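Working notes, structure below.
Derivation of every value follows stated rules applied to the coordinates shown; laboratory data play no part. All figures in this text were calculated on a predicted structure; none of them were measured in a lab. Virtual Cβ from ideal backbone geometry, glycine too; neighbours counted across all protein chains shown.
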């Protein structure tokens, strides 16, 4: 088994994450190879004598200034990975995408068609372009499949005890009283273990030319904060912030940043996503793999246990 790491810091993050799950021995079983999805020569070396790849490298941000960085990693990095996989004649290529790459509002399944003229987050655009490269690879003979996780409930990869990214940041912000409000938006959530399980089933069965939404339940942001607050022993925020206030604040912050020659802190479309109601249909994955997803309440309870363990 081989793992690609970009920096020593990212390697340390992987080690600490495995320690949190009491899987330290697993780290030693992996042959770690230094490389970068934007360095085609390092990819050639990493894929030498490899049968299959799980491509999960991605940059996630809802900041306005991160657009190019996400395109470089998510889109161009996937383009490079697909080309390297074709050259290496891999037996299977699994792409970990996101529901952000699926278009539309309301109820969404795997047949959702991307509409270029519709509003999209920068992150969603980069993941959609990445998926197009994977589909292109399939057309050129690469055996590949795609999974689209919703918001993943799990601990962040970090080199310290600070949970300052991903779902972990929501947890710590709530515990520290930094989330006095909630939005009325609804979206899907899934435990990180479910993403891993479905991914390995795809890998084992070499499911090709298909995509699967990997999502457990659709919950409002308020419900998620209430579940977190209950596990943390905190009071959940009761006041909802409206669309005009939230979008207005984000626009003002972007204008202020521009006037002071700083990067824009917000992707306005990403802010609007917090207010949208989107329901993801997981029936295809449940039927295909005969799979029962972990309930979100159980997932959050387990996450808080891991958080308490790391805080010591």
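Among 54, 108, 30, whose mean-square fluctuation peaks in a Gaussian network model of the chain (Cα, cutoff 10 Å)?
Greatest mean-square fluctuation among the candidates belongs to 30.
If you line up the long axis of helix 296-311 against the longest principal axis of the chain, both from Cα atoms, how many degrees apart are they, to the nearest 10?
90 degrees
Does the chain classify as rounded, prolate or oblate by the C-alpha gyration tensor (a ≥ b ≥ c root eigenvalues; a/c under 1.5 gives rounded; else a/b over b/c gives prolate, otherwise oblate)? Kindly include the intermediate steps, with their values, before the conclusion.
Details: a/c = 1.45, a/b = 1.32, b/c = 1.10.
Note, shape of the chain comes out rounded.
Helix-only estimate, please: 222 nm mean residue ellipticity of the chain, summing -39500 (n - 2.57) across DSSP H runs of length 4 or more and dividing by its residues, to the nearest 500. Don't skip to the answer; put the middle values down first.
Values: 13 runs with 142 residues, N = 312.
The per-residue figure over the chain is -13500 deg cm²/dmol.
Consider just the alpha-carbon atoms of segment 1-149 and return their Rg together with their Dmax, both in angstrom.
Cα only, segment 1-149: 16.2, 49 Å (Rg, Dmax).
Can you give the Rg/Rh ratio of segment 79-137, where Rg is from the C-alpha atoms and Rh is the Kirkwood radius? Write down the numbers at each step before the final one.
On the way: Rg = 13.0 Å, Rh = 12.6 Å.
Taking Rg over the Kirkwood Rh, I get 1.03.
At a Förster distance of 35 Å, what's the computed FRET efficiency of residue 256 paired with residue 301, Cβ-Cβ distance as r, to 0.05?
Efficiency for this residue pair is about 0.35.
By how many degrees, 0 to 90 and rounded to 10, does the Cα axis of helix 8-20 deviate from the longest principal axis of the chain?
70 degrees
Once every Cα of segment 84-205 carries one equal point scatterer and solvent is ignored, give the base-10 log of I(q)/I(0) from the Debye formula at q = 0.09, 0.12, 0.16, 0.22 Å⁻¹, two decimals.
Listed by q, the Debye log ratios stand at -0.34, -0.59, -0.97, -1.35.
Take 214, 99, 196 and order them by how many other Cβ atoms sit within 10 Å, fewest up front. It would help to have the intermediate numbers written out before the result.
On the way: 214 30, 99 21, 196 15.
Listing 214, 99, 196 from fewest to most nearby Cβ atoms yields 196, 99, 214.
Report D for segment 115-171 in µm² per second (integer): Stokes-Einstein, Kirkwood Rh on Cα pairs, 4 °C, 1.567 mPa s. Show your work: numbers first, answer last.
Details: Rh = 14.2 Å.
Estimated via Stokes-Einstein, D reaches 91 µm²/s.
Among the DSSP beta bridges whose two residues both lie in the chain, what percent are antiparallel, rounded to the nearest 5? Don't skip to the end; give the middle numbers.
Working: 4 of 29 bridges.
The answer is about 15 percent antiparallel.
Cα axis of helix 221-232 to longest principal axis of the chain: angle in degrees, 0 to 90, nearest 10?
90 degrees
At a threshold of 8 angstrom on Cα-Cα distance, excluding pairs fewer than six apart, so keeping six or more, what relative contact order does segment 95-174 reach in percent? Don't skip to the end; give the middle numbers.
On the way: 78 pairs, mean separation 25.6, N = 80.
It rounds to 32 percent for segment 95-174.
Over the chain, what is the relative contact order in percent, taking alpha-carbon pairs closer than 8 angstrom and at least six residues apart?
Details: 547 pairs, mean separation 62.2, N = 312.
It comes to 20 percent, rounded to a whole number.
Looking only at 44, 139, 131, which one moves most when the chain is put into a Gaussian network model with springs between Cα atoms under 10 Å?
Looking only at 44, 139, 131, the biggest GNM fluctuation is shown by 139.
Using Cα pairs under 8 angstrom and six or more residues apart, how large is the relative contact order of segment 1-80, in percent? Before the final figure, lay out the partial values.
Values: 65 pairs, mean separation 23.8, N = 80.
Relative contact order, segment 1-80: 30 percent.
Could you state the per residue volume, in Å³, of the convex hull enclosing the Cα atoms of segment 177-242?
Working: hull volume 6.8 nm³, N = 66.
Output value, Cα hull per residue: 104 Å³.
From the square roots a ≥ b ≥ c of the eigenvalues of the alpha-carbon gyration tensor of segment 152-297, which class results: rounded (a/c under 1.5), prolate (a/b over b/c), or oblate? Before the final figure, lay out the partial values.
Working: a/c = 1.87, a/b = 1.63, b/c = 1.14.
Prolate.
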